[in-house]
Amino acid sequence: MTRLSHEQLLGYLLGALDSKECIEIERALAECPESIAEFEKIRRSLDTVGLLEEPEQVDPPLCLASRTCEFVESQIEAYAAETVVLKAVAADAVRAAEETSESNSKVLPKVKLSPVSRAEASGRGLRKMDLAIFCSVILSGAALCLPLLFTTQLQANITRCQNHLRQLGQALHAYSDLQPDGVFPAVLASGPRSVAGVYAPTLLTTQLVQDQRTFFCPGNPHLAANLSEKPIPTLQQLDAASDEQLERYHRTMGGGYGYSLGYQQDEELLPPRNGRRASFPLLADAPHDSQPGRLSNNHDRRGQNMLFEDGQVRFIKMNHSPNQETALDDPFHNRLGQVAAGLDVNDAVLGRSNDRPMPVVLP
């Protein structure tokens with residue numbers, strides 16, 4: 001039994017270690033109760049000084065949109081006033097030219113502008129300039145406002161998604177408290193309950209979640225749009241479903257989130273047990289095969305919300321560049337790179353609704 005040093009625990013909490021070192025520390029924590037107590041002591045100290053807090057989201061300046069509209073309106077009025085002055089100057093110039101032409105009529109033939117030419121000279125060029133200025137001002141205002149509106153909507157969806165995950169986290173903790181061994185909902189090795197999405201029917205059947213919309217992320221509204229046509233089944237409906245109906249249930253019943261596939265031990269599939277680990281993901285925005293590293297499509301693919309075993313919810317910007325590593329263990333594959341159950345108690349793997357815990361063996 002190896003007792004971890006303060007430097008190792010501090011580096012792990014601050015995300016200063018690589019993935020291999022994190023794995024070794026997690027294994028050591030599982031084997032050494034004294035290290036766990038020291039880990040919690042250091043984590044509370046860091047929480048006290050705010051080193052583990054997420055960066056504060058900076059709100060946009062107050063009344064930015066209204067001030068931008070006022071600025072655009074003032075510019076339009078200024079250009080309108082300038083246009084009036086320019087038209088008056090142009091009219092004076094035309095009159096002066098006509099007077100000069102009349103006074104010199106004996107020397108030079110009188111030349112008059114046609115009505116069409118005079119209209120063109122006094123108005124058409126100015127109208128085109130006004131239109132160009134007006135369009136440039138409107139486009140500048142849109143360029144300022146649209147990114148702000150998009151960012152505000154994105155942040156609102158992230159916050160609403162985090163609220164859903166917190167509600168599901170409370171339900172999962174309540175479920176584990178009711179179990180003698182403190183486990184979370186189990187994904188079985190075979191049968192109707194052998195997919196990651198089984199957590200949702202389990203929480204509905206036990207009435208720990210009442211509203212099915214809680215299982216859907218606001219950052220991906222397309223999933224929730226079909227909820228009336230494809231409601232989440234109860235465990236009884238799941239067990240009694242035909243093969244065709246069961247396949248439809250498996251594709252959608254997990255909602256917009258991915259759940260833990262459990263882990264393997266002595267050739268047995270086991271569900272995660274509630275150890276309130278701060279670095280063990282339990283639920284997150286559902287992974288997607290079309291994205292590198294199976295990252296989620298939610299939140300404009302800028303990251304994913306993740307619920308950890310201790311109940312914390314954080315927005316994580318995953319980086320799966322081949323030249324960089326993250327301190328967080330890959331949450332969507334086990335240590336063999338498989339979409340399957342973890343290889344030990346500390347190997348967390350989150351699967352989307354129809355992902356199975358056992359790897360597919362090709363003939």
From 269, 282, 235, 246, which residue is closer than 30 Å to residue 9 by Cβ, surrounded by 14 or more Cβ atoms within 10 Å (Cβ to Cβ) and assigned by TED's automatic domain parsing to the domain that holds residue 211? 282
Please tell me if residue 277 is under 16 Å from the mean Cα position of the chain (by Cα) and over 23 Å from residue 194 (Cα atoms). no
Is there any pair linking a residue in region 334-357 that is in the same structural domain as residue 248 (by TED's automatic domain parsing) and surrounded by fewer than 19 Cβ atoms within 10 Å (Cβ to Cβ) to one that is among the basic types (Lys, Arg) and assigned to a loop (DSSP other than H, G, I, E, B), with Cβ under 7 Å and at least six apart or on different chains, and which? 343/335
Residues that are in a loop (DSSP other than H, G, I, E, B) and of a type in the set (Asp, Glu), drawn from region 251-289: 266, 267, 289
Residue pairs meeting the criteria (Cβ under 9 Å; at least 6 apart or on separate chains; first over 20 Å from residue 282 (Cα atoms), in region 244-258; second part of a helix (DSSP H, G or I) and hydrophobic (A, V, I, L, M, F, W, C)): 246/238; 249/238
So is residue 194 in contact (Cβ under 8 Å) with a residue 12 or more places away in the chain and more than 18 Å from residue 273 (Cβ to Cβ) or not? yes
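The values are calculated or read from the model by the stated rules, or taken from the named source; none is laboratory data. As the structure is a prediction and not an experimental result, all values here were calculated from the model. Cβ sites come from the backbone with ideal geometry, for glycine too, and all protein chains shown count toward neighbours.
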